[in-house]
Amino acid sequence: MTAHPFPAEPEAPVRKGAVGCWPQPRYRHRAPSVAALAAGLKRTAFTPLTWRHGSPGELRSRFAAVRVRPAGTAVERPVKAAASAEQGWWDGILPDCWLLVEWPDNAEAPTEYWLSNLHAHTPIADLVRVAKVRRRIEHDYRELKHGLGLDHFEGRSWPGWHHHTPVTAAHAFITEQRLSPKVPGPASPSTKSSTPSRTP
């Protein structure tokens, strides 16, 4: 994956001659890889953050977030098509987004990279939380398959769709019950086992 630094902007060369098309604006320097951009960051730019408390303890690492403009044909082609359809031309400016970089303490270089289109004023803690939620999604999917039987039917058929819908609803209910605060209710006297047994 390649990306331009955020301040980079496309430039149009000077038109030579009076005939021919006007030169189109484009980025004059090749976009570096996200690994190269991350390597250019100082170690002090990385903030230690905890994103979750797991069974082994706090899940903690160091992160840095910078604004970049993703590059490459896969990015430029749809952006150019959308701009041309909307206003008839493309100014050559690529949309900017966040590049989140993880550099653990025991690693010699950054190890993980994420691109995010969250708002430019998003705190880095929120970027990390969203990036790391993949583990939660994998856990929910495993629970859907093994605990609730999502994988018993294919979703492309009518029985499969009919099966997947209540499974999804059941998972939503279980998740809601897991996350809702537990309010202790009054103890029912009928459930107490303190009454001594009597022989007839």
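Some values worked out for this structure:
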quantity	calculated
Every residue from the range 91-112 that is surrounded by fewer than 14 Cβ atoms within 10 Å (Cβ to Cβ), within 24 Å of Ala36 (Cβ to Cβ) and among the charged types (D, E, K, R)	Asp105, Glu108
Count - residues of the range 108-140 that are outside any loop (DSSP other than H, G, I, E, B) and out of contact with any Asp or Glu (no Cβ under 7 Å at 6 or more places or on another chain)	19
Residue list for the range 116-125, restricted to those being open to solvent by 50 Å² or more (accessible area, probe 1.4 Å) and touching a helix residue (DSSP H, G or I) at 6+ places or on another chain (Cβ under 8 Å)	Leu118
Any hit, the range 141-160, residues being closer than 30 Å to Ser33 by Cα, open to solvent by 60 Å² or more (accessible area, probe 1.4 Å), part of a helix (DSSP H, G or I) and modelled with pLDDT under 85	no
Filtered residue count, the range 53-90, keeping only those that are of a type in the set (D, E, K, R) and surrounded by fewer than 12 Cβ atoms within 10 Å (Cβ to Cβ)	3
Filtered residues of the range 113-140 (kept if within 14 Å of Leu37 (Cβ to Cβ) and not aromatic (Phe, Trp, Tyr))	Leu115
Failed item, numbered, when Asp105 is tested on (1) of a type outside the set (A, V, I, L, M, F, W, C); (2) farther than 23 Å from Phe6 by Cβ; (3) over 22 Å from the mean Cα position of the chain (by Cα); (4) not in a loop (DSSP other than H, G, I, E, B)	(4)
Sole exception among (1) farther than 30 Å from Pro7 by Cα; (2) part of a helix (DSSP H, G or I) for Val79, by number	(1)
Unmet requirement for Thr73, which otherwise passes all of (1) modelled with pLDDT under 90; (2) over 20 Å from Ser33 (Cβ atoms)	(2)
Matching option when the condition is assigned to a strand (DSSP E or B), of a type in the set (A, V, I, L, M) and within 23 Å of the chain's Cα centre (by Cα), among Leu37, Leu94, Leu49, Leu41	Leu49
The range 13-48 - residue that is open to solvent by 60 Å² or more (accessible area, probe 1.4 Å) and touching a Gly at 6+ places or on another chain (Cβ under 9 Å) and, of those, modelled with the lowest pLDDT	Gln24
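Residue-wise test of (1) touching a residue at least 12 places away in the same chain (Cβ under 8 Å); (2) within 22 Å of Arg134 (Cα to Cα).
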site	(1), (2)
Arg60	yes, yes
Arg69	yes, no
Ser84	no, no
Gln87	no, no
Asp91	yes, no
Leu99	yes, yes
Glu108	no, no
Thr111	no, yes
Ser116	yes, yes
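The values are calculated or read from the model by the stated rules, or taken from the named source; none is laboratory data. Just so we're clear, the structure is a prediction, and the values are computed from it rather than from any experiment. So basically every Cβ, Gly included, is an ideal-geometry build from the backbone, and we count neighbours across all protein chains shown. Accessible surface areas use protein heavy atoms only, side chains included; no ligands, DNA or RNA. Shrake-Rupley method; radii C 1.70, N 1.55, O 1.52, S 1.80 Å.
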